[in-house]
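The numbers here are math on the coordinates, done by the rules we state, and not lab data. The shown structure was predicted, so the numbers you read here are calculated from the model rather than taken from an experiment. No Cβ is skipped: glycine too gets one built from the backbone with ideal geometry, and neighbour counts run over all protein chains shown.
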Amino acid sequence: MISTNLISSALERGIAVSPGIAIGPAFLFAKVSFDVEKISIDSKVLKNELSRFEDAVRRAERDLNKIISITREKLGEHSATIFEAQLLMLRDQSLYPEVVDLIEKSSVNAGYAVQTVMTKHRRLMEASDSEYLRERANDLLDIQERIIRHLRRGRILSAVDENSIVISENLTAADIILFSRKGILGCVTDFGGPTSHVSIMARALHVPAIVSTHGITNVVKPGDLIILDGIKGEVLVNPDEATLAHYVSKQERYSRLVQEDKTLVPLPAETLDGHHVGLQANLELREELVQLAEYGAEGIGLYRTEMALLMEGRALVTETEQFTHYLEVVEAARPNTTTFRILDLGGDKMLPMGNREHNPFLGWRGIRIMLDKMELLVPNLRAMLRASAFGPVRILLPMVSSIREVRSFREIMQNTMLDLKAEGIDFDPNVPMGVMVEVPSVALAADQFARETDFFSIGTNDLTQYVLAVDRGNDLVAHLYDEMHPAVLQLIQMTTTAAKAAGIPVSLCGELATNLRAVPVLLGLGVDTFSASPIYLPGIKRVIRAMKMSEGQALAKKALIASDPAEFRAVMDKWLDEHACGVSFFLEGKQTA
Ligand code: PEP
Ligand code: MG
C-alpha cells in the first residue's frame with residue numbers, strides 16, 4: 001500500500017526584499033474586509049453623516065499618529081515619513097472634499113462615498129506605467145479600510161501569533177510595524193514589489209521578507225513549518241529533516257555574519273596595504289536615509305531622483321517640492337557628499353510625455369530628454385543647486401553618449417547659476433559635474449570626457465546591456481548578461497586609465513559593486529569608490545580589508561582575458577574563501593561571475 005504523507009513539502013519563489021533566514025510556523029493573516037452597501041440618506045440627517053465621516057477621519061488620524069510615534073521610537077524620524085504621508089492623504093485636497101461632495105450631492109452614506117472616491121483614485125494609480133505609483137496604491141487602500149472600519153466602529157486588528165512567519169496576500173507598512181512588536185520572524189506576500197512601503201519597512205526593521213510569490217496563500221496552511229530564505233527569495237513549506245538541518249546551519253552562519261558586519265561599520269574601508277576605498281550609498285527614497293549611518297556609508301554616490309518625482313504622481317513636480325526633498329537628503333548625508341543624478345526618465349522608467357518607442361533603451365532617455373525639455377531640466381537642476389548651499393553636492397548626468405551633451409549641460413548650468421545669483425539665492429558655485437559611464441562611447445572616448453567633467457560614475461547595469469546588446473530586463477537573454485565579461489572590464493579599465501591621467505575620481509554605482517567576486521578585480525582595475533545599496537556595504541568592506549592592491553591587480557589581469565565565466569567564477573570563489581572566509585554563501589543566489 002502506498003502511504004500518503006499528510007504533510008507535503010513545497011518550494012515557492014518570490015522577490016527577496018529584506019535579507020535573512022527565518023524558520024518557524026506559518027500564521028495566515030487575512031484582513032476582514034467590510035462590504036459597503038450604498039444607502040440613501042435622508043436630507044435631514046445628511047449633516048449627521050458628514051460628521052460621522054469627519055469623526056472617522058479623526059480616529060484614523062489618531063491611529064496613524066500612534067503608528068508614527070511607534071515608528072519614530074523604533075526606527076527614527078525618516079522611517080516615519082511613510083505614515084506622515086498617509087496622514088496627509090486623509091485630508092488630501094483631491095480626496096476629502098470629493099467624499100464630502102459625494103455625500104452631499106448624492107445623499108449617500110459616508111462608507112459608500114469613501115469607497116467610491118478612494119477606489120477611483122486607486123484604480124488610476126494601479127493602471128499607471130510607474131511601478132512606484134502602482135505600489136503606492138496599497139497605501140490608499142490602507143487609508144480607505146481604516147476610515148471604513150472607523151465608520152463601522154470596528155477595531156483595526158493587526159494581531160498575529162508571536163514568533164510566527166506571517167503569510168498574507170498583501171500587507172501594509174502599518175501592519176508590519178505593529179506586527180514587529182510581537183516579534184514576528186518574517187513575512188511573505190503574494191503581491192508587492194521591492195520599493196513598496198512594506199518592503200522598505202521590513203528592511204528597516206530587519207525582518208526577513210519575500211514579496212510577489214503569486215500564490216503563497218494558496219499553498220500554505222496555518223501552522224505549516226516555513227523556511228524563509230530572504231537572500232535567495234525562496235520559501236520552503238514543510239521541508240524534510242535534511243533541508244531543515246541545512247537551513248538551521250545557514251541561519252547560524254548568517255547571524256554570525258550580520259554580527260561581524262556590525263563590527264565592520266566603524267572600521268575604515270582599507271586594503272591590507274593601506275589603500276583607502278570610498279564606500280557610498282545608492283539611494284532613491286527619503287525613507288532609506290537612516291541606512292547611511294547604519295551601514296557606514298561615506299555619503300551618497302548615486303541619488304536617483306526619478307522617485308522624488310514619481311512620488312508626487314505628477315510629471316512636473318515643482319522646484320520647491322524637489323528642493324525640500326533634496327534638502328532633507330543633503331542634511332542627512334553631510335558632512336559627506338550627496339551625488340544627485342539628473343532625472344533619468346525613459347528606458348523602463350516613466351516617460352513624461354507618454355511617448356511609446358520601439359527601442360526605449362536606445363531612445364529618448366536621460367540627458368536626451370532633459371536637454372529637449374527645459375521645463376523638466378531647469379527645476380530639477382535649480383533644486384539641486386539650491387540644496388548645494390546646505391552641504392556638499394555633486395551633479396551626475398545619465399545616459400550621456402556624446403561630448404556635445406556635456407557642453408550643452410554645462411552651459412545651461414552656468415546660466416542657471418547666473419539666474420540664482422541674480423535672485424540672491426545661495427548655492428555652491430563649484431559644484432562638481434560628472435557623467436555616468438554607461439554608454440560604451442563614453443568609455444571608448446574617456447580621455448576626451450575626462451577633460452570636460454569633474455568625475456566619472458560607471459553604471460555597469462546599462463554599460464553591460466549596451467556593450468553586449470543584451471536587454472537588462474529580458475529573461476530570455478538573461479544568461480548572456482555578464483557584467484564581468486572581458487569586454488565590459490576593458491571599458492572599465494579605459495575609463496579608470498583616462499580618469500587617472502586627468503586626475504578625476506571614478507566610482508562604480510552599478511549592481512556589479514555588490515558582487516563580491518568582482519570587488520578585488522574592480523579595485524585592481526583602478527575604481528576608487530563603490531556605491532551600492534547600503535545593506536551590501538559591510539560585505540564589500542570585508543573583502544577590501546582582506547586584500548592587497550597587488551592581488552587585485554593580478555586578478556584583474558586574469559579577468560580581462562578570462563574566456564570562460566564559470567572557470568573565473570571558481571577562481572574568485574576560491575580566492576574569497578581563502579581571504580575573506582564566510583562571504584561566499586551570499587553569492588549562492590548570484591549566478592553570473
Ligand atoms: C547603471 O546603469 O548601472 C545605473 C547605476 O543606473 P540605473 O540602474 O539607474 O540605470
Ligand atoms: Mg543606468
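Taking the range 182-211 and a reference point 7 angstrom along Cα→Cβ of Lys66, the backbone N atoms nearer than 20 Å belong to 182-184. Candidates Ala174, Leu225, Val198 compared by Cα position along the dipole of the range 91-235: farthest toward the positive end lies Ala174, with charges placed on Cβ.
Rank-order 56-67, 219-230, 413-424 by packing density, defined as the average count of other C-beta atoms within 10 Å over each peptide's residues, highest first.
Working: 56-67: 17.6, 219-230: 20.0, 413-424: 12.4.
Top to bottom by mean Cβ count within 10 Å: 219-230, 56-67, 413-424.
Sorting the segments 124-136, 328-340 by their mean number of nearby beta carbons within 10 angstrom, highest to lowest, gives 328-340, 124-136.
So what is the diffusion coefficient of the range 43-151 in µm² per second by Stokes-Einstein at 20 °C and 1.002 mPa s, using a Kirkwood Rh over Cα pairs? Once the numbers are plugged in, D ends up at 147 µm²/s.
Judged by the mean number of other Cβ atoms found within 10 Å, the most tightly packed of the peptides 446-457, 234-245, 488-499 leads the ranking 488-499, 446-457, 234-245. Note on the range 305-431: Kirkwood hydrodynamic radius from all Cα pairs is 15.0 Å, rounded to one decimal. Note on the chain: with charges restricted to the Cβ of Lys and Arg (+1) and Asp and Glu (-1), its dipole about the Cα centre is near 620 debye.
For the chain, the residue among Val114, Ala85, Ala562 whose Cα projects farthest onto the positive side of the dipole built from Cβ charges is Val114.
Going by how many other Cβ atoms sit within 10 Å of their own, how do Glu438, Glu357 line up, fewest first?
Working: Glu438 26, Glu357 13.
Lowest to highest Cβ neighbour count: Glu357, Glu438.
Annotation for Asp240 and Ile15: the two label points, set 7 Å from Cα along the Cα-Cβ direction, are 3.3 nm apart.
Just rank Ile231, Ile200, Ile458, fewest to most, by other beta-carbon atoms within 10 angstrom. Could the numbers behind the result be given before it?
Values: Ile231 17, Ile200 21, Ile458 29.
Exposure proxy ranking, most exposed first: Ile231, Ile200, Ile458.
Length gained on full extension, Ser107 to Gln259, computed as 0.36 nm times the residue gap minus the Cα-Cα distance: 48.7 nm. A crude spin-label estimate for the pair Asn48 and Arg152, with each label 7 Å from Cα along the Cβ direction, gives 2.1 nm. Computed from the Cα positions only, the extents of the chain along the three principal axes stand at 82, 81, 45 Å, in decreasing order.
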